[in-house]
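As structure tokens, the structure follows; a few thoughts come after it.
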Amino acid sequence: MSHQPPAPLLPGLYIVATPIGNLGDITVRAADVLRACDGVACEDTRVTGKLMRHLGASKPLWRYDDHASERDRARLVESMHTRAVALVSDAGTPLVSDPGYRLVREARAAGIPVTTLPGPCAALAGLTLSGLPNDRFLFAGFLPVKDKARSDMLADLARVPATLVFYETAPRLTKALAAIGRVLPGREVAVARELTKLHEECRTGSVADLADHYAAHPPKGEIVLLVSPPVEREESVDADAMLREALADQKPSQAAAQVARATGLDRKALYARALELRGE
């Protein structure tokens with residue numbers, strides 16, 4: 001990536017998207033800014049150091065992550081009055097499930113110019129590969145670690161009429177799939193992993209199919225987990241079949257709630273029908 005040296009940058013904050021795996025995905029503009037800036041605020045200086053060496057750039061690297069203090073942030077903002085500071089995350093677009101929004105907020109409040117350099121983003125890459133509806137989607141970051149909190153979050157999002165996009169870690173994928181199957185039954189799910197890397201894959205199917213596959217082939221790497229939208233009301237839904245399946249191991253009230261989350265149909269009407277199916 002050799003060309004004319006980049007022009008000097010004006011003081012300010014530059015939000016720079018970096019590769020999520022394949023270093024070839026760095027944009028020319030991003031490379032120019034990282035070579036020309038006065039310093040880089042980053043999550044992990046070791047990770048960003050590798051990228052800078054790949055670009056043949058040597059700049060001061062300042063640690064800025066979730067644990068940065070208000071004093072660190074104020075000092076960094078103050079420096080932007082006279083220096084061009086690039087903000088990067090370990091991978092992808094900064095501020096997307098990454099630290100940094102407070103830095104941007106305070107820079108803007110201080111009247112400092114803020115420039116964004118768009119580029120790679122794992123959430124969008126996973127969405128494009130999944131084959132799930134993408135006219136509307138909701139990015140919800142990482143699912144909670146604890147079972148109840150994870151289930152509660154999924155229940156809160158059950159009626160959102162859009163594809164749900166999460167980040168997940170490989171060791172937690174099995175529990176995440178189980179929770180989706182329990183709270184959002186009948187949804188199509190996609191697992192996108194190792195995006196832009198040699199072993200990139202995206203598998204789409206039912207929770208049961210994906211759970212079986214990853215039980216036999218434990219995944220590695222970072223994961224984008226996607227869940228299809230709820231069935232629209234006007235579509236033909238075999239609610240009775242879904243209720244009968246749910247009633248096999250649940251009470252009528254639980255079965256009705258489960259099918260309501262999956263279909264968007266009225267829970268009270270489903271409960272009444274569940275009682276009929278149980279002969280009560």
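We did not get these values from a lab; they are worked out from the coordinates using the rules stated. Note that the coordinates shown come from a computational prediction; the quantities given were computed from them, not determined experimentally. As a convention, Cβ positions derive from the backbone with ideal geometry for all residues, glycine included, and neighbour counts pool all protein chains shown.
Among Glu168, Glu201, the order by Cβ neighbours within 10 angstrom, fewest to most, reads Glu201, Glu168.
With neighbour counts taken as other beta-carbon atoms within 10 Å, the residues Asp90, Asp32, Asp209 rank, fewest first, as Asp209, Asp90, Asp32. Modelled spin labels at Arg29 and Arg267, positioned 7 Å past Cα toward Cβ, are 4.6 nm from each other. A compact globular protein would have a Cα radius of gyration near 2.2 N^0.38 Å; the ratio found for the chain is 1.23.
Report, for the chain, the % of DSSP beta bridges that are antiparallel, rounded to 5. DSSP beta bridges in the chain are roughly 50 percent antiparallel. Counting Lys and Arg as +1 and Asp and Glu as -1, what is the net charge of the other residues whose Cβ lies under 13 Å from the Cβ of Leu51? In short, +1. For the cross-link pairs Lys146/Lys251; Lys148/Lys220; Lys50/Lys148; Lys50/Lys220, the ones whose C-alpha atoms lie over 27 Å apart are Lys50/Lys148. A cut-off under 13 angstrom between Cβ atoms defines the neighbours of Gln250, and their net charge, with Lys, Arg +1 and Asp, Glu -1, is +3.
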